[in-house]
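A.B. asks: The structure's right below; bear with me while I get my questions together.
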């Protein structure tokens, strides 16, 4: 009986093995199971991850008082309960104002694996990224002074900064956003896909494996590769062919390149594309085949790829609702105008 | 040595005991330590608390897709990380619209202990209350159909409703709001004050005990009594004497009565009063002395009462960020207009 079981496993492994090889050749990478290897991938030598910084960064991530209005936190648009984004087509912030270019909020989960941040890839890492939306006018609309004054007005925050950085810490805007980034670096979501690539053939169903093969065979991994299955700048046919090119005026970076979104947890982050114009995942797959690969992906093939994408739905880190410090007489008051 | 310790304890108990008696005479009640007694206080025979309903209710509480815009959840205005409210003077909802009467969002923590809900006390319990803001136009702005259609469009939600209510469940708007209320019923925050009243004299510092005595002696417990130290309808001198009577047009219920807010976690729920016009807790105490009790509470007395109110800061239940189900093709799309 034991021999039969081993044989069955051997057969599955033999079948899966060429697919793993094909995936690796196509540039698909997994989240390492080994914590030391994972830490190497997510850490930043200039802003090292520590437990105290992560805990503090989580509080700041959830604190709406960093915004001008007192109503919008990082978690408002990058909602950890909602696949790490907001589920609306265009990011909407201060005074209910939509992003002027009709840009969609990308997920924060696994953003640590991106080689650049924002749809136009203008920032190199999460530390720099975290400075943007806090100050952007249609988002959190705060000034650097507002953020630093808000945080330093609360003794409980100062105390935690001292614990995290030492007693002589100078709590600047940049240190606050660095601390938020540290928390974000930990938001990685290992999925059945990773288990599969890490050597466990049974982690993905035969249907998911078939979908993965279709995904690679069609050329999707040309852009959607690496650990994030995305996160790199790529040529994107927005103006020429993209079905909803008319929604928003985004044209990519100076060279017309656009950041490829991650496919991890893609089942949880509709609507899709930089302008959030397509809700159905299968529709999005077909659109990408047409626009980016110049080929017709059939309904059946798209359905198969969609099944594979389900295997990228990952386990979220447990995030306990923090208890934020109480404001004091020195805390800047909310300004909704 | 043991005898000395016992004697010290006996002395503390002797000193504390008259204060406990005085508190009980003044109508101050504690959250029972005994889980069965607590359950009796928070449960609703018509909507009994079960673990499955609480878990499901938590998801619904955090789900912004119940709102018309897809951006506002119960947790937006009753933020569990912020003492259970939003920290802005007037509740602000759909299309960035402030409450038309400039009413302040009350905390959800311990709201189960209120004898009526809303500032005008118009609803008898959390089940009925939960129906209000979801449909209110400057808040979540949804229709009953929107809410029911949204929830039933997601198989994962249906599955959880079946688990919680049985396989023949009919997921109506009212069942959804009942389930949210079940979660809210569990949001109680036992504090040092409760330990003290439950018979542990050392749970409150001598300063907190002194503040409690001042609180009772001045007459604050005339309105702020019961388990919530509030939550009952009371005459409130809004128009006649209240310093910020001009902010908003709220006049109380048909008889001019206003719901007394809870003092639990009051250190975390500034700004204060129905119209959120006073930020400082000491200022609020002095204003209430003047307006409601017709006496001048000195700065020193107010500071002492404030110290007591710190002992009402309670331990929050651990709330893990839920993972909300993914929308489907049938899920109503966000409407920000």
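The values are calculated or read from the model by the stated rules, or taken from the named source; none is laboratory data. Not measured: the values here are computed from a predicted model. With ideal geometry, Cβ positions are generated from the backbone for all residues, glycine too; neighbour counts draw on all protein chains shown.
A.B. asks: For region B:50-72, enumerate the residues that are free of Cβ contacts under 8 Å to residues at least 24 places away in the same chain and either within 11 Å of chain A (Cβ to nearest Cβ) or not in a helix (DSSP H, G or I) (or both).
C.D. replies: Correct list: B:64 only.
A.B. asks: Another question about this same structure. Do the conditions hold for residue B:137, that is, is it surrounded by fewer than 22 Cβ atoms within 10 Å (Cβ to Cβ), more than 12 Å from chain A (Cβ to nearest Cβ) and in contact with a helix residue (DSSP H, G or I) (Cβ under 8 Å, 6 or more places away or on another chain)?
C.D. replies: Answer is yes for this residue.
A quick yes/no check of all residues on (1) more than 14 Å from chain B (Cβ to nearest Cβ); (2) over 23 Å from residue B:154 (Cα atoms):
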site: A:297; (1), (2): yes, yes
site: A:304; (1), (2): yes, no
site: A:319; (1), (2): no, yes
site: A:322; (1), (2): no, yes
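A.B. asks: Quick check on my filter: what residues within region A:70-95 are in contact with a helix residue (DSSP H, G or I) (Cβ under 6 Å, 6 or more places away or on another chain) and farther than 24 Å from residue A:228 by Cα?
C.D. replies: The answer is A:70, A:71, A:72, A:73, A:95.
A.B. asks: With more than 18 Å from residue A:118 (Cβ to Cβ) and either in contact (Cβ under 8 Å) with a residue 40 or more places away in the chain or surrounded by fewer than 21 Cβ atoms within 10 Å (Cβ to Cβ) (or both) as the only criterion, which of A:291, A:269 stands out?
C.D. replies: That would be A:291, the only listed residue that is more than 18 Å from residue A:118 (Cβ to Cβ) and either in contact (Cβ under 8 Å) with a residue 40 or more places away in the chain or surrounded by fewer than 21 Cβ atoms within 10 Å (Cβ to Cβ) (or both).
Table: residues versus (1) without any contact (Cβ under 8 Å) to a residue 24 or more places away in the chain; (2) assigned by TED's automatic domain parsing to the domain that holds residue B:111.
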site: B:168; (1), (2): yes, yes
site: B:173; (1), (2): no, yes
site: B:177; (1), (2): no, yes
site: B:202; (1), (2): no, no
site: B:206; (1), (2): yes, no
site: B:209; (1), (2): no, no
site: B:213; (1), (2): no, no
site: B:218; (1), (2): no, no
site: B:225; (1), (2): no, no
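A.B. asks: With respect to residue A:282, is the statement that it is under 21 Å from the mean Cα position of the chain (by Cα), free of Cβ contacts under 8 Å to residues at least 60 places away in the same chain and part of a helix (DSSP H, G or I) true?
C.D. replies: Spelling it out, residue A:282 is indeed under 21 Å from the mean Cα position of the chain (by Cα), free of Cβ contacts under 8 Å to residues at least 60 places away in the same chain and part of a helix (DSSP H, G or I).
A.B. asks: Inspect region B:109-118 for any residue being away from chain A (no Cβ under 14 Å), at positive phi and out of contact with any helix residue (DSSP H, G or I) (no Cβ under 9 Å at 6 or more places or on another chain) and give the result as yes or no.
C.D. replies: Within region B:109-118, one or more residues are away from chain A (no Cβ under 14 Å), at positive phi and out of contact with any helix residue (DSSP H, G or I) (no Cβ under 9 Å at 6 or more places or on another chain).
A.B. asks: If I filter region A:103-129 down to residues being more than 21 Å from residue A:88 (Cβ to Cβ) and part of a loop (DSSP other than H, G, I, E, B), which single residue comes out as nearest to the chain's Cα centre (by Cα)?
C.D. replies: The residue in question is A:114.
A.B. asks: Quick one: which residue in B:72, B:49 is assigned by TED's automatic domain parsing to the domain that holds residue B:177, within 20 Å of residue A:82 (Cα to Cα) and modelled with pLDDT of 95 or more?
C.D. replies: It is B:72.
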